[in-house]
Amino acid sequence: MAASGRAAGRPSRRNLVAILSIVVLSGAFFGYDQGVISGALHDIRRTFDVGTFEVEEAASWVTVGALAGALAGGHLADRAGRRGALWVAGGAYVVAAIVQAAAPTIGALLGARVLLGVGIGVASVAGPMFAAEAAPERIRGGLLGVYQFSITFAIFIGYLADELFTGGDSWRCLLDRVGRRPLLLVGLAGMAVSLAVVSVSFLSAGAGAGRGEGRVTTAGLFLLVGVIFFVAFYAVSIGPAAWTVINEIYPGPIRGRCVAIATATHWGTEYLITQFFLSLLDALGRSGVCALFAGLCVLGFLFVRRYLPETRGRTLEQIQQMWVADYDRRERAHTNP
């Protein structure tokens, strides 16, 4: 009797491993592609004899597909179930990988990149949503934080495949102790300051170009520190927390559609940044681009501080009831000013 009570109250170890595997793989496919494509861009240019814009498309069109996949993923997850949506994503991965490897033209490669993005977009909706609904509340934030870690770690593996190296394990701090809102506020503030330091460092390095050539300069050291702290603040805050929040904060009846819109917004901005980053560099310079993103972090900080409630320690049902209570309170205030 006691054993059956425990089984009803928490998933089995086997189920938790399955949930964790789904979350890890959902993020890892995107992360590995983001890492490994950077090393393939030179060969793409040479093999297909294309210019900078086509190379940018090869890097960015996966996010176009991810945008479409995320928009469709919520509807698909609601109609075919979370597992059904993940099967569709897996099929898209396999077909896209084969076509990319054998692509005879740049058009075929771009089409495969879009298809890969569709799979990534569907998985980015269905995977974390499945984890949020299937995992117990006490570890929900941790499991969803693993999604961001899997992306980051897979990017590392991709760069390693390109004979580069990066790493870090600040993901271990991920959300169930501190809370979502404090991590987001601290992370966004830290990212803004770090980007400001990087921006000023680029300005200083530009002003002193040629004087410290071949030597370690103060501007160079501050630039390195700024980049390291930016990555660290991102990895412990908005990286995992954003995926956690969007998969737990919406009411159950519309969660699939809301998560799809939120995830599609992510992929849409990812596409815009990837597609036009080089153009931004040409227009604003390295310092200006970093200053622009620092300003966006400030806007994010103000938005979170003003509008985002804390969801740590609450079940999905309690979060839904929180919105109902807030709506009733606003209605009463409107009816009885």
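The values are calculated or read from the model by the stated rules, or taken from the named source; none is laboratory data. Computed from a predicted structure; not experimentally measured. Here the Cβ positions follow ideal geometry from the backbone for every residue, glycine too, while neighbour counts run over all protein chains shown. Remember, those area values only see protein heavy atoms, side chains included, never the ligands or the DNA or RNA. Shrake-Rupley method; radii C 1.70, N 1.55, O 1.52, S 1.80 Å.
Here is a check on your reading of the model: is Ala72 in a helix (DSSP H, G or I) and at pLDDT 80 or above? Before you say what the answer is, go through the steps one by one.
Details: in a helix (DSSP H, G or I): yes; at pLDDT 80 or above: yes.
When the stated conditions are applied, Ala72 passes them.
Would you check if there is a residue in segment 293-309 being open to solvent by 40 Å² or more (accessible area, probe 1.4 Å), part of a helix (DSSP H, G or I) and within 18 Å of Ser60 (Cβ to Cβ)? Yes. A search for C-beta distances below 7 Å between a residue of segment 95-111 that is of a type in the set (A, V, I, L, M) and any residue that is outside any helix (DSSP H, G or I), counting only pairs 6+ apart in sequence or on different chains, returns Ile106/Val50; Leu109/Ala103. Checked against the criteria, Ile98 does not count as surrounded by 15 or more Cβ atoms within 10 Å (Cβ to Cβ), β-branched (Val, Ile, Thr) and at pLDDT below 80. Listed by first and then second residue, the pairs linking a residue in segment 290-304 that is more than 21 Å from Phe222 (Cβ to Cβ) to a residue that is among the basic types (Lys, Arg), with Cβ atoms under 8 Å apart and 6 or more places separating them unless they lie on different chains, are Val304/Arg181.
Take the residues in segment 240-256 that are of a type in the set (A, V, I, L, M) and part of a helix (DSSP H, G or I); name whichever of them is farthest from Gly179 (Cα to Cα).
In the first step, residues of segment 240-256 are kept if they are of a type in the set (A, V, I, L, M); the result is 241-242, 245-246, 249, 254.
Still in the list and also part of a helix (DSSP H, G or I): 241-242, 245-246, 254.
Working: Ala241: 9, Ala242: 12, Val245: 10, Ile246: 14, Ile254: 24 Å.
Filtering first and then ranking leaves Ile254.
Looking at this structure, is Val259 assigned to a helix (DSSP H, G or I) and under 15 Å from the mean Cα position of the chain (by Cα)? Spell out the reasoning first.
Working: assigned to a helix (DSSP H, G or I): yes; under 15 Å from the mean Cα position of the chain (by Cα): yes.
Spelling it out, Val259 is indeed assigned to a helix (DSSP H, G or I) and under 15 Å from the mean Cα position of the chain (by Cα).
Of all residues in segment 94-106, those satisfying the criterion of being assigned to a helix (DSSP H, G or I) and within 11 Å of Ala58 (Cβ to Cβ) are Gln100, Ile106.
Residues of segment 101-115 being surrounded by 15 or more Cβ atoms within 10 Å (Cβ to Cβ) and aliphatic (A, V, I, L, M), which ones?
If the condition is that a residue be surrounded by 15 or more Cβ atoms within 10 Å (Cβ to Cβ) and aliphatic (A, V, I, L, M), then Ala103, Ile106, Leu109, Leu110, Ala112, Val114, Leu115 are the ones that fit.
For segment 208-227, give me the residue count where each residue is at pLDDT below 75 and open to solvent by 80 Å² or more (accessible area, probe 1.4 Å). The qualifying residues number 7. Arg312 passes every criterion in (1) of a type in the set (Lys, Arg); (2) touching a residue at least 60 places away in the same chain (Cβ under 8 Å); (3) assigned to a helix (DSSP H, G or I) apart from (3). Among the residues of segment 45-70 satisfying the criterion of being among the aromatic types (Phe, Trp, Tyr) and touching a residue at least 24 places away in the same chain (Cβ under 8 Å), which is least open to solvent (accessible area, probe 1.4 Å)? Top of the filtered list is Phe48. Residues that are of a type in the set (A, V, I, L, M) and surrounded by 22 or more Cβ atoms within 10 Å (Cβ to Cβ) within segment 243-259 comprise Val245, Ile246, Ile249, Val259, listed in sequence order. In the set Ser12, Ser38, Ser26, only one residue is at pLDDT below 80, hydroxyl-bearing (Ser, Thr, Tyr), within 23 Å of the chain's Cα centre (by Cα) and open to solvent by 40 Å² or more (accessible area, probe 1.4 Å); that residue is Ser38.
Taking the criterion of being in contact with a Leu (Cβ under 8 Å, 6 or more places away or on another chain), among the aliphatic types (A, V, I, L, M) and open to solvent by less than 70 Å² (accessible area, probe 1.4 Å), the residues of segment 84-95 that qualify are Ala85, Ala92.
Answer yes or no as to whether Leu115 is assigned to a helix (DSSP H, G or I), modelled with pLDDT under 85 and under 21 Å from the mean Cα position of the chain (by Cα).
Numbers: assigned to a helix (DSSP H, G or I): yes; modelled with pLDDT under 85: no; under 21 Å from the mean Cα position of the chain (by Cα): yes.
So Leu115 does not fit the description; no.
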